[in-house]
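The values are calculated or read from the model by the stated rules, or taken from the named source; none is laboratory data. Computed from a predicted model, the values in this text were never measured in an experiment. In this analysis, Cβ positions are derived from the backbone assuming ideal geometry, glycine residues included, and neighbour counts consider all displayed protein chains.
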Amino acid sequence: MSDLTNKKSWNKLINHHKLIKNNSIYSLFKRDPERFKNFSIEDENLLFDFSKNNIDEDTLQLFENLLDELKIKDEIKFLFDGKKINNSEKRQVLHPLLRGSFTKKTKNLYEKEVVKSLFKMKKISDGFFNERKLGYSGEKIKNIVNIGIGGSDLGPKLICNALDNYSNQNLDVFFISNIDPTNLSKVLSKINPQNTIFIISSKSFGTIETLKNAEACKKWFIKNSSSTIYYKEHFFAVTSDFDKARKFGIESDNILKVWDWVGGRYSLWSSVGLPISIKIGYKNFEKLLDGAKYIDNHFIKKPFRKNIPMIMGCIGIWYNNFFNSDTHAILPYDEYLKNLPQYLQQADMESNGKHITKDGKEINYQTGQIIWGDRGTNGQHAFYQLIHQGTKIIPCDFIGFSKSLNKYDNLHEILISNLIGQTMALMKGKKTNNGKEVSDFVLSKSKNFKGNKPSNTLLFDVLTPRNLGKLIAIYEHKIFVQGCIWGINSFDQWGVELGKELANDVLDILSGNKSDKKLDSSSTGQLKFIKKINT
């Protein structure tokens with residue numbers, strides 16, 4: 001793999017940036033009456049507007065040349081054909097297969113493995129969604145407790161909350177992820193064993209947070225049901241290690257499979273989505289998969305100028321690597337999507353937070369951006385001040401829906417007006433006349449907005465399972481494109497391991513076990529303080 005900085009197109013982008021970096025985005029619209037038409041994509045009730053960015057036709061052409069130089073079409077083919085593109089772990093990356101995006105090379109795997117898993121998932125979720133499957137006492141199941149962390153938590157939590165309007169309102173889903181006992185205690189205080197099921201979601205069935213919480217829930221269930229056997233009807237597992245789940249006490253019929261070619265942050269499409277399928281029903285879960293599959297097809301077949309993930313990926317590179325924008329804001333204008341920024345934090349930062357290339361070379365350019373955000377209009381009364389008038393360039397993705405699922409007066413019209421108004425304000429800015437008095441002068445200057453702040457806008461017709469599937473798949477493929485440009489492995493996550501290993505050393509000392517591990521003076525001092533307080 002050759003160094004990105006040696007690519008002809010990359011160096012041409014460096015020179016191009018010098019020429020246009022001081023452009024006014026607003027002036028680009030004055031120069032080109034067709035700018036919106038030329039810098040937007042419409043596809044099946046979805047509008048992607050990227051016209052409010054400091055880019056021109058040459059920018060797009062140079063990025064298209066760069067992707068050609070990097071052979072992006074081959075990289076996409078490797079992904080969908082199941083080549084082991086996760087080269088550090090020697091694994092395939094086949095999450096698109098989970099939604100039916102197969103090729104000749106992966107069709108057999110889909111039909112033999114994925115279809116079988118989906119059928120089992122449907123059977124289980126139908127029983128609870130339709131309220132036919134009862135608890136050990138004959139009571140209807142009302143509560144689903146999902147025990148998992150990372151992708152086994154963030155994905156299901158996002159979808160269950162986002163699609164609540166499509167769900168069985170008699171079912172409540174709770175999430176236990178944190179090892180902090182407060183999370184566990186709060187959930188257990190709200191449920192009873194007669195009408196609750198537990199889903200333990202862990203690919204390895206060895207994640208300490210998940211196992212400790214699962215063991216605590218099992219003990220709680222046995223104690224409160226006054227039986228050592230009833231829990232077998234109420235506990236389910238999603239894992240690649242069948243034997244460990246059985247050893248825990250999970251019945252074979254209650255164990256669903258997840259494969260090593262499914263990364264945690266891409267796993268909501270798999271059996272990890274069981275709480276989703278129970279909550280919103282399997283038919284709606286299928287629509288979610290279908291929306292993602294639609295974008296898979298879009299990503300494979302659409303040319304660069306009409307390819308939403310490719311354009312998004314390149315615009316992100318443009319600001320990260322040429323304008324030195326360290327962060328990127330995700331701003332959904334829909335209460336249902338309140339968990340989206342947090343979900344995309346893991347999807348993006350765990351994927352592209354890397355410092356070496358796929359062939360092990362140290363990188364001499366910036367990789368992944370810091371992803372953050374909140375839903376509108378809450379963010380407008382919090383951090384938008386810094387985006388508008390701060391010294392940093394923070395590219396933003398605004399996400400909204402033309403129609404609301406909850407019509408009340410003209411509240412949605414106000415919401416969507418704010419979305420569009422904010423993108424206008426970020427681009428245009430505002431200049432005020434300077435006052436004569438010192439106080440007037442300061443006030444006048446304080447009210448100035450420089451503008452020229454970039455944004456993308458994604459507008460759908462309405463929030464549906466299908467549209468949500470599209471949205472998430474767009475970001476998945478955007479992340480993939482950026483990883484390809486940076487030449488990194490977007491599908492391993494070794495950075496999360498070291499802290500866990502050292503935590504085990506600390507736990508030995510904190511628990512009073514003998515340990516030959518020597519800690520730094522800071523960590524030792526912290527432990528001494530904790531022991532002093534607890535004595």
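I'd like the full set of residues that are of a type in the set (S, T, N, Q), buried (at least 16 other Cβ atoms within 10 Å of the Cβ) and within 25 Å of the chain's Cα centre (by Cα), limited to the range 169-197. Once the filter is applied, which keeps residues that are of a type in the set (S, T, N, Q), buried (at least 16 other Cβ atoms within 10 Å of the Cβ) and within 25 Å of the chain's Cα centre (by Cα), the range 169-197 yields S177, N183.
Here the helices (runs of 4 or more DSSP H) wholly within the range 182-249 that include at least 3 residues being free of Cβ contacts under 8 Å to residues at least 40 places away in the same chain are 208-225, 242-248.
Taking residues in the range 106-128 that are assigned to a helix (DSSP H, G or I), and partners anywhere that are among the polar types (S, T, N, Q), the pairs with Cβ atoms closer than 7 Å and at least 6 places apart or on different chains are S117/S271; M121/S271; M121/S277; S125/S277. If I filter the range 432-449 for residues that are within 24 Å of D43 (Cβ to Cβ), aliphatic (A, V, I, L, M) and either buried (at least 23 other Cβ atoms within 10 Å of the Cβ) or in the same structural domain as E335 (by TED's automatic domain parsing) (or both), do I get at least one hit? No, there is no match, as no residue in the range 432-449 is within 24 Å of D43 (Cβ to Cβ), aliphatic (A, V, I, L, M) and either buried (at least 23 other Cβ atoms within 10 Å of the Cβ) or in the same structural domain as E335 (by TED's automatic domain parsing) (or both). Within the range 207-262, being surrounded by fewer than 17 Cβ atoms within 10 Å (Cβ to Cβ) and in contact with a Pro (Cβ under 7 Å, 6 or more places away or on another chain) holds for one residue alone: N224. Taken over the range 32-63, the criterion of being of a type in the set (D, E) and under 22 Å from A425 (Cα atoms) is satisfied by D32, E34, D49, D56.
Within the range 3-32, residues that are in contact (Cβ under 8 Å) with a residue 24 or more places away in the chain sit with their Cβ atoms under 9 Å from residues that are basic (K, R) and assigned to a helix (DSSP H, G or I), at 6+ positions apart or across chains, in these pairs: S24/K30; I25/K428; Y26/K428; L28/R35.
Report whether or not D334 is surrounded by 18 or more Cβ atoms within 10 Å (Cβ to Cβ), in the same structural domain as E44 (by TED's automatic domain parsing) and farther than 30 Å from S446 by Cβ. Considered against the rule, which asks whether it is surrounded by 18 or more Cβ atoms within 10 Å (Cβ to Cβ), in the same structural domain as E44 (by TED's automatic domain parsing) and farther than 30 Å from S446 by Cβ, D334 comes out as yes. Restricting L507, L471, L502, L498 to residues that are closer than 30 Å to L289 by Cα and hydrophobic (A, V, I, L, M, F, W, C) narrows the list to L471. Of the residues in the range 56-66, at least one is in the same structural domain as A425 (by TED's automatic domain parsing) and outside any helix (DSSP H, G or I). Per the conditions (1) touching a strand residue (DSSP E or B) at 6+ places or on another chain (Cβ under 8 Å); (2) more than 18 Å from L211 (Cβ to Cβ); (3) not basic (K, R), the sole criterion not satisfied by I199 is (2).
Taken as a whole, the condition of being of a type in the set (A, V, I, L, M, F, W, C) and in contact with a Lys or Arg (Cβ under 7 Å, 6 or more places away or on another chain) does not apply to F128.
You will find that of P181, P156, the residue that is outside the structural domain of A347 (by TED's automatic domain parsing) and over 17 Å from F236 (Cα atoms) is P181 and no other. Please verify whether the range 415-423 includes one or more residues that are at positive phi and at pLDDT 95 or above. Checked the range 415-423: no residue is at positive phi and at pLDDT 95 or above. Within the range 123-131, at least one residue is in contact with a strand residue (DSSP E or B) (Cβ under 8 Å, 6 or more places away or on another chain), in the same structural domain as S177 (by TED's automatic domain parsing) and surrounded by 16 or more Cβ atoms within 10 Å (Cβ to Cβ).
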